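Take a look at the structure below.
Values in this text are rule-based calculations from the coordinates and carry no lab data. What you see is a predicted model, and the numbers here were worked out from it, not measured in a lab. Because the Cβ atoms are built from the backbone with ideal geometry, glycine has one as well, and the counts that use them run over all protein chains shown.
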Amino acid sequence: MDGYAGKMAYADLSAGTVTIKPTPPELKKLYIGGRGFGIRLLTDMVDPKIEPLSEKNVLVYAAGPLTGTGIPLGSRYEVSTVSPLTGTAMSANSGGVFGWKMKKAGFDAIVITGKSKKPVYLLLDNGKAELRDAAHLWGKTTGQTTDALEEELKDKSVRVSCIGPAGEKLVLFACIINERTRAAGRGGVGAVMGSKNLKAIAARGDLPLKVADEAQLALVKERVKKKIEENGIDKALHNFGTAVLVNIINENYVLPTRNFQTAHFPDAENVSGETMAKTILKRPKGCYACIVQCGRVCEFDDEKGEGPEYEPIWAFGPDCGINDLKMVARANNICNEYGLDAISAPATIACLMEMAEKGYIKHPIRFGDAKGMLKLVEQIAKREEIGDELAEGSFRFATKYGHPELSMSSKKQELPAYDPRGIQGYGLATATSVRGGDHVYGYMISPEILGAPEKLDPFVTTGKAQWVKTFQDLTSAIDASGMCLFTSFALGPEDYADLLSATTGMKITAAELLKVGERIWNLQKLYNIKRGFGRKDDTLPARLLNEPLKEGAPAGQVWRREEMLDEYYTLRGWDREGTPTKEKQKELGLA
Amino acid sequence: MTDTRNHISVTVKSFATLREVMDAQISVDLPQGATIRSLFAELNGRYQGLGGLIFAGPDTLRDFVNILKNGRNVEFLGRLDTHLDDGDLIALFPPLAGG
């Protein structure tokens, strides 16, 4: 099959060896790549009873067949592992150029097992792979690490995916950063990398990537390019980045503010994409083969960096009661340099702010204290003072001080930038997410707030279960393909199926694509069940179920779980506890 | 506030690329009984190019355009016939994405 590099590297860090094997055809057929590869390999290889930060955990890097083949927005790779933050089968997605380089270096996936005695990095180099000493890189930030490897390898074309000090210190929400600013952000994948003493993966090469039907692929590429350009989203994303969402979410009264105490931030305009474009934005930037370019290169005062994206803006901004865009951008840059998830870090700080204001903990931080917030970000990354406790995430922190209800998390992962009380279907999607609190495993904001592909009433629960299931399955398949999720605002399942068919020669239909997505979703679910998850975990913080919103159109509403959950389980072919039935497992080839 | 016996005043906010053709925030006086439709009749007179960004046809919004009245999408109120009251806040959004 084409579209694949054809090989996978298995790095055994305990033994200090790397073995290269062909990418199995059955894996391609049933799981496509990316998240599919990662979750299948992970769930096959890792005993559900292990501790995520033990050497028995596995870290899988995997690109998809559409990664790096010149398809617009085909740039993504996934990192899969058992999450130390949530305990779920986790995958985190990143863009940039690294995924393409990994394939040009000759590899569809990298499977990392064991633990090295000393810090090492893995070099992927034109079909070869070797472990190298990384003692000189340990302690360095992600930018310093990337600079040092470019210098050491005397090659500016090398692309580096690495951890920063937060990953080394095993911060439970440490991320992995490639090209200095692109993040496989969520779930603590960086902590797992750190636990293995693996500092970085560097990829270089120029091996050919073949596609099955070049003429057909050219036609489909032109079609999807036209759809992306014509639906209008690209212009807003190009001009304002993902931060263009700040105002529309706020105007809908669903922008969580001060740790979800309210859902409207009066100063939202100050931290909006529109304000960024007029002030600190230097230029837009895209990932490999991107025609949208939603990335932001920002410069001001003595500060240079990329981002902040919508989620960190919300989390460091309204969720912490801060209206200063420059301070938000500084905090985001610290996260990139130290390798911290820029959702969980600020959301954990917001939790501390509420606890401190309510007197549940003695600490000087208060909502709106931007300088104090910056200090806390560094303390978390270095595990210094209270940062050592915050590095365990908001749920463990709040529980330690007797107030777990103030952690705005699901399955111990901090929730993203939308209040489910005013967006019922989104609430179901994030509560049932198989990786924990999340927005990109089924982005219901699109139909419920943005009106794409059609406008759904966000206050209504009827019919949402089917939408959530479809979005979750489709997203799983997109994450397997290597495409950017943002294409889903313009493209439908048939477009991805046509791209995959022309690229790989597999002749996949839209229905088969969704079936692959459903298979991945159920595999993650089954693994989570083995780790003790069940119906009780498919929920959201009590505040969101019991404390009605007070302002704007959604005033008086709570998130109504029980109106949707049973229907969702039934549609999925799961029993009342949320366990896939034997029939469903058999249908998906998982029994 | 205006004389609510004959007229109402609404605040209109625009966002993202719509600010290329209209002000970010304005106050608009309209007759009693005004709707979203009559609001746009007024706005289209003031701002050249706005209608083309909002409407695909005389009674049809462009795909993914969102109009909120006091935080509620007019799609779930009365669409273009949504009634306006004095003091209402109308927010206009072009097609947006992100996450």
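Inter-chain neighbour count for A:231-244: the average number of beta-carbon atoms from partner chains within 10 Å of each residue's beta-carbon is 5. Stretching A:GLU405 away from A:GLU378 to a fully extended chain increases their span by 7.2 nm, per 0.36 nm per residue minus the current alpha-carbon distance. Cβ-Cβ distance of A:THR19 and A:GLU551, R₀ of 51 Å, FRET efficiency by 1/(1 + (r/R0)^6): the value works out to about 0.30. Taking the DSSP beta bridges with both ends in the stretch A:63-210, the antiparallel portion is around 80 percent.
The Cα atoms of chain B cover 42, 28, 26 Å along the three principal axes, with the biggest extent listed first.
Separation of the stretch A:129-180 and the stretch A:507-542, taken as the distance between their Cα centroids, equals 32 angstrom. Please work out the FRET efficiency for the pair A:LYS156 and B:ASP81, using the Cβ-Cβ distance as r and a Förster radius of 60 Å; give the result to the nearest 0.05. Once rounded, the FRET efficiency stands at 0.50. For chain A, a/c is less than 1.5, where a ≥ b ≥ c are the root eigenvalues of the C-alpha gyration tensor. That puts it in the rounded class.
When the helices of chain B are scored as -39500 (n - 2.57) per DSSP H run of n ≥ 4 and the total is divided over every residue, the value at 222 nm lands at -4500 deg cm²/dmol.
Take every pair of alpha-carbon atoms less than 8 Å apart whose residues are at least six positions apart; their mean separation over the length of the stretch A:221-310 yields a relative contact order of 28 percent. Note on the stretch A:61-217: Cα-only Rg and Dmax are 15.1, 50 Å.
Rounded to the nearest 20 debye, what is the charge dipole size of the stretch A:164-285 about its Cα centre when +1 sits on each Lys and Arg Cβ and -1 on each Asp and Glu Cβ?
Details: 19 positive and 13 negative charges, 96 e Å.
Computed about the Cα centre, the dipole is about 460 debye.
From Cα pairs below 8 angstrom and at least 6 apart in sequence, can you work out the relative contact order of chain A, rounded to a whole percent?
Values: 1476 pairs, mean separation 93.7, N = 591.
Normalised by residue count, the contact order of chain A is 16 percent.
Annotation: the antiparallel percentage among DSSP beta bridges lying fully within chain B is about 80. Taking every alpha-carbon pair under 8 Å whose residues sit at least 6 apart, chain B reaches a relative contact order of 38 percent. Each 5 Å bin from zero up to the one holding the largest Cα-Cα distance in the stretch A:274-324 carries the following percent of pairs: 5, 19, 24, 26, 16, 7, 2, 0. Where the centroid of each part is defined by its Cα atoms, how far is the stretch A:445-470 from the stretch A:240-310 in Å? Here the two parts' Cα centres lie 24 Å apart.
For the peptides A:220-227, B:88-95, the ranking by mean Cβ contacts within 10 Å, running from highest to lowest, is B:88-95, A:220-227. Each semi-axis of the equivalent ellipsoid for the stretch A:383-483 is √(5λ) with λ an eigenvalue of the Cα gyration tensor; in descending order they amount to 30, 16, 10 Å.
Taking Rh as the Kirkwood radius computed over C-alpha pairs, what is the Stokes-Einstein D of the stretch A:191-313 at 4 °C in a medium of viscosity 1.567 mPa s, expressed in µm² per second? Mind dumping the intermediate values first?
Values: Rh = 17.7 Å.
Taking Rh from Cα pairs, D becomes 73 µm²/s.
Within 10 Å of the Cβ of each residue in A:270-276, the mean number of Cβ atoms contributed by other protein chains is 2.
Kindly state, to the nearest 0.05, the FRET efficiency for A:THR581 paired with A:ASP388, given R0 = 35 Å and r defined as their beta-carbon distance.
Values: r = 44 Å, r/R0 = 1.26.
The computed FRET efficiency comes out at 0.20.
Computed log10 I(q)/I(0) for the stretch A:440-591 at 0.09 Å⁻¹: -0.34, from the Debye equation with unit scatterers placed on every C-alpha and solvent omitted. Using the Cβ of A:GLU150 as centre and a radius below 15 Å, the other residues enclosed give a net charge of +3, where K and R count +1 and D and E count -1. Straight-line cross-link reach from A:LYS196 at under 16 Å between alpha-carbon atoms covers these lysines, not counting any fewer than eight positions away in the same chain: A:LYS56, A:LYS115, A:LYS117, A:LYS118, A:LYS169. Among the listed pairs A:LYS304/A:LYS375; A:LYS49/A:LYS382; A:LYS326/A:LYS371; A:LYS285/A:LYS455; A:LYS140/A:LYS304; A:LYS29/A:LYS584, a Cα-Cα separation exceeding 22 Å is found for A:LYS49/A:LYS382; A:LYS285/A:LYS455. Per-residue ellipticity at 222 nm from helix content only, as computed over chain A with -39500 (n - 2.57) for each DSSP H run of at least four residues, stands at -11000 deg cm²/dmol.
For the stretch A:126-134, putting each phi into the Karplus relation 6.51 cos²θ - 1.76 cosθ + 1.60 with θ = phi - 60° gives couplings of 6, x, 10, 9, 8, 8, 10, 4, 10 Hz, in residue order, rounded to whole numbers and with x for Gly and Pro.
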